[in-house]
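Here's the structure we're looking at; comments come further down.
The values are calculated or read from the model by the stated rules, or taken from the named source; none is laboratory data. Computed from a predicted structure; not experimentally measured. Cβ placement follows ideal geometry from the backbone for every residue including glycine, while neighbour counts extend to all protein chains displayed.
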Amino acid sequence: MLGLMQSQSLLISSLIEFAERHHGDGEIVSRRVEGDIHRYTYRDLARRSRQVANALDGLGLQPSDRVATIAWNGYRHMELYFGVSGSGRVLHTINPRLHPDQVAWIVNHAEDKALCFDMSFLPLVQAVHAHCPTVKQWVALCDADKLPANSGVPGLVSYEAWVGAASSDYAWPDFDENSASSICYTSGTTGNPKAVLYSHRSTLLHAYAGVMPDAMGLSARDSVLPVVPMFHVNAWGLPYSAALTGCKIVYPGPALDGKSVYDLMENEGVTFAAGVPTVWQMLLGHVQAGGLKFSTLKRTVIGGSACPPAMIAAFQDQYGVEVLHAWGMTEMSPLGTVCTLKNKHLEMSAEDQMTIRLKQGRAVFGVDMKIIDGDGKELPWDGKTYGDLLVKGPWIVGSYYKGSGSPLVADERGRGWFPTGDVATIDADGFMLITDRSKDVIKSGGEWISSIEIENIAMAHPAVAMAACIGMPHPKWDERPIVAVVTKPGADVSREELLAFYEGKIAKWQVPDDVVFVDAIPIGATGKMLKAKLREQLAGYKLPGL
Ligand code: ADP
């Protein structure tokens with residue numbers, strides 16, 4: 001017997017319709033590439049999203065045709081989020097930090113029909129357009145009078161002229177909620193990037209999960225600053241979750257330095273912000289150097305790479321801002337776990353609480369996870385045993401777009417699990433701790449050493465700005481850890497002092513064999529350390545005593 005409730009597809013257009021009807025005067029504030037601050041409301045956003053849909057109809061684009069963006073976080077990008085997906089086309093957000101060859105490769109792979117870009121990316125578009133034959137319309141996200149006369153990009157139009165000419169009279173179509181809505185390519189640190197194709201259903205369920213109190217806990221009373229880019233994994237779903245709650249949204253545009261982000265937070269009463277540790281490092285640096293404080297910020301979700309304990313402590317103890325450490329990946333839309341405490345943790349000492357807070361957290365409903373050993377056997381949740389982390393759920397990838405074969409691993413009941421490539425422990429309360437990417441784990445004398453743990457300790461030293469731990473070949477132990485360190489400007493620490501800093505914090509055999517001081521640690525397109533590149537930089541390095 002089937003239930004007798006209304007059958008209504010979960011569609012992205014329903015989010016913008018809801019926001020317009022119930023939060024029409026809710027504010028959306030954007031720092032623009034032009035340098036100024038732009039303000040309007042959900043009502044304006046909804047109207048202009050419908051104009052986008054009509055403009056795409058005008059190009060003759062069919063359902064499922066891909067429309068690409070190369071853009072910072074801002075209101076025009078958000079209009080494309082709703083106008084493109086809501087009208088049944090597929091939004092392809094491109095990471096502008098990729099190499100131009102890679103950008104061209106993914107435009108061709110996705111067969112994008114139109115591409116909309118911020119003017120700051122004109123040089124990138126000029127470099128790739130001739131290699132992107134599928135794109136029949138290039139759109140510059142600017143006013144008509146800002147369009148350069150000789151861009152060299154054939155048929156280039158300004159977004160404002162293109163969308164402005166379109167009618168806002170548009171009825172969002174109804175279709176299967178499993179239809180594709182957006183596409184994001186993984187960073188592809190090894191080989192070509194892989195294409196993750198989200199659906200309307202997966203996006204809506206993820207948006208629901210994201211706003212729950214034990215996830216990001218968003219409400220209509222929040223002012224939300226997504227510093228995480230809209231060009232990568234849909235800014236952790238925040239544009240959708242924001243429309244679902246009607247909260248105020250504050251977009252930082254291209255200005256991600258500490259001062260710009262801080263000023264925006266203070267001026268716009270930001271209560272919640274989301275970012276990766278590298279950006280938050282700049283923000284904290286600015287606030288600490290200027291003796292400033294956060295007057296409205298209450299919570300910040302930090303993820304994308306491990307959040308150093310020193311950062312969690314600084315936000316909480318010095319500024320009273322709660323840090324929610326979170327973990328996910330492109331293949332997971334991206335939300336997997338968020339570290340929000342349970343009652344029993346609130347009774348713990350501050351020190352014990354910190355050991356929980358620096359974990360990546362517990363699964364939000366919708367995500368199931370497990371750890372397995374090399375033979376596929378499930379491992380216990382004891383907080384000590386580590387294994388390969390697998391996940392499943394309705395917003396987790398089933399297969400890649402134009403991929404070959406399934407990435408999933410079947411369990412004894414035939415259910416498919418996605419192998420994350422991360423190595424983790426899970427404790428009895430379900431709190432997961434990432435110890436490494438499986439390719440970064442250091443194998444020393446048959447034991448595993450967590451590179452993240454070694455990095456976190458170094459980062460807790462007051463003179464250290466950034467640390468990366470890698471394994472170096474060793475004839476007896478297989479591999480031994482060393483830590484590459486960037487010191488803070490004006491700070492000084494010796495190799496011996498830093499090695500002594502590890503004493504008593506981890507077992508002796510886990511202490512790195514050496515400290516190497518470097519000017520910078522290579523960072524990839526999504527803000528993660530590129531350890532393979534660091535290894536290349538350290539070619540010729542020999543462990544002490546070898
Ligand atoms: P994104 O760039 O959205 O984080 P990617 O798919 O590029 O997604 O990278 C996902 C990987 O990033 C994870 O598999 C994990 O290795 C790492 N990661 C994400 N969040 C964390 C975190 N909080 N702590 C440690 N590693 C993390």
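Laid out as a table, the results:
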read-out	value
All positions within the range 474-492 that are among the basic types (Lys, Arg) and either in contact with a Leu (Cβ under 8 Å, 6 or more places away or on another chain) or not assigned by TED's automatic domain parsing to the domain that holds residue 463 (or both)	480
Boolean, residue 444 is among the hydroxyl-bearing types (Ser, Thr, Tyr) and within 18 Å of residue 379 (Cα to Cα)	no
Considering residues of the range 285-302 that are modelled with pLDDT under 95 and out of contact with any Gly (no Cβ under 6 Å at 6 or more places or on another chain) only, the residue farthest from the ligand (Cβ to nearest atom)	289
Members of the range 400-420 found to be within 12 Å of the ligand (Cβ to nearest atom) and without any contact (Cβ under 8 Å) to a residue 40 or more places away in the chain, listed by number	419
Within the range 190-297, helices (runs of 4 or more DSSP H) holding 3 or more residues that are surrounded by 23 or more Cβ atoms within 10 Å (Cβ to Cβ) and in contact with a strand residue (DSSP E or B) (Cβ under 9 Å, 6 or more places away or on another chain)	200-211, 233-236, 238-245
Residues of the range 304-352 that turn out to be more than 14 Å from the ligand (Cβ to nearest atom) and of a type in the set (Ser, Thr, Tyr), as a count	2
Count of the range 426-467 residues which are part of a strand (DSSP E or B) and within 13 Å of the ligand (Cβ to nearest atom)	6
Matching residues, the range 504-520, being among the basic types (Lys, Arg) and exposed (fewer than 12 other Cβ atoms within 10 Å of the Cβ)	508
Single condition residue 192 does not satisfy, out of (1) modelled with pLDDT under 95; (2) over 20 Å from the mean Cα position of the chain (by Cα); (3) not charged (D, E, K, R)	(2)
Which numbered condition residue 138 fails, given (1) without any contact (Cβ under 8 Å) to a residue 60 or more places away in the chain; (2) in contact with a Leu (Cβ under 6 Å, 6 or more places away or on another chain); (3) part of a loop (DSSP other than H, G, I, E, B)	(3)
Tally, over the range 422-444, of residues that are modelled with pLDDT of 95 or more and of a type in the set (Gly, Ala, Ser)	3
Breaking point among (1) over 16 Å from residue 422 (Cα atoms); (2) more than 12 Å from the ligand (Cβ to nearest atom); (3) surrounded by 15 or more Cβ atoms within 10 Å (Cβ to Cβ), for residue 365	(3)
Subset of the range 478-492 (residues that are in a loop (DSSP other than H, G, I, E, B) and closer than 24 Å to residue 530 by Cα)	488, 489
Hey, residue 344 of a type in the set (Lys, Arg) and outside any loop (DSSP other than H, G, I, E, B) or not	yes
Residue satisfying condition, being on the phi < 0 side of the Ramachandran plot, surrounded by 14 or more Cβ atoms within 10 Å (Cβ to Cβ) and in contact with a helix residue (DSSP H, G or I) (Cβ under 8 Å, 6 or more places away or on another chain), within set 523, 482	523
Inter-residue pairs, beta-carbon under 7 Å, first under 30 Å from residue 240 (Cβ atoms) and in the range 329-350, second acidic (Asp, Glu) and assigned to a loop (DSSP other than H, G, I, E, B), 6+ apart	338/214; 340/214; 342/429
Breaking point among (1) more than 23 Å from residue 238 (Cα to Cα); (2) touching a residue at least 40 places away in the same chain (Cβ under 8 Å); (3) in contact with a His (Cβ under 8 Å, 6 or more places away or on another chain), for residue 353	(2)
Answer from 352, 373 - the residue that is within 30 Å of residue 195 (Cα to Cα), more than 18 Å from the chain's Cα centre (by Cα) and outside the structural domain of residue 182 (by TED's automatic domain parsing)	373
Residues being without any contact (Cβ under 8 Å) to a residue 24 or more places away in the chain and either crowded, with 21+ Cβ neighbours inside 10 Å or under 27 Å from residue 252 (Cβ atoms) (or both) - total across the range 14-36	4
Matching residues in the range 298-314 - criterion: being within 20 Å of the chain's Cα centre (by Cα) and either in contact (Cβ under 8 Å) with a residue 40 or more places away in the chain or part of a helix (DSSP H, G or I) (or both)	299, 301, 303, 304, 305, 306, 307, 308, 309, 311, 312
Total residues in the range 51-91, condition of a type in the set (Phe, Trp, Tyr) and surrounded by fewer than 23 Cβ atoms within 10 Å (Cβ to Cβ)	1
Among residues of the range 13-44, those that are of a type in the set (Ser, Thr, Tyr) and out of contact with any helix residue (DSSP H, G or I) (no Cβ under 6 Å at 6 or more places or on another chain), counted	3
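To keep it simple, each residue is scored yes or no on (1) at pLDDT 95 or above; (2) among the aliphatic types (A, V, I, L, M); (3) within 27 Å of the chain's Cα centre (by Cα).
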position: 6; (1), (2), (3): yes, no, no
position: 11; (1), (2), (3): yes, yes, yes
position: 27; (1), (2), (3): yes, no, yes
position: 32; (1), (2), (3): yes, no, yes
position: 41; (1), (2), (3): yes, no, yes
position: 48; (1), (2), (3): yes, no, yes
position: 64; (1), (2), (3): yes, no, yes
position: 68; (1), (2), (3): yes, yes, yes
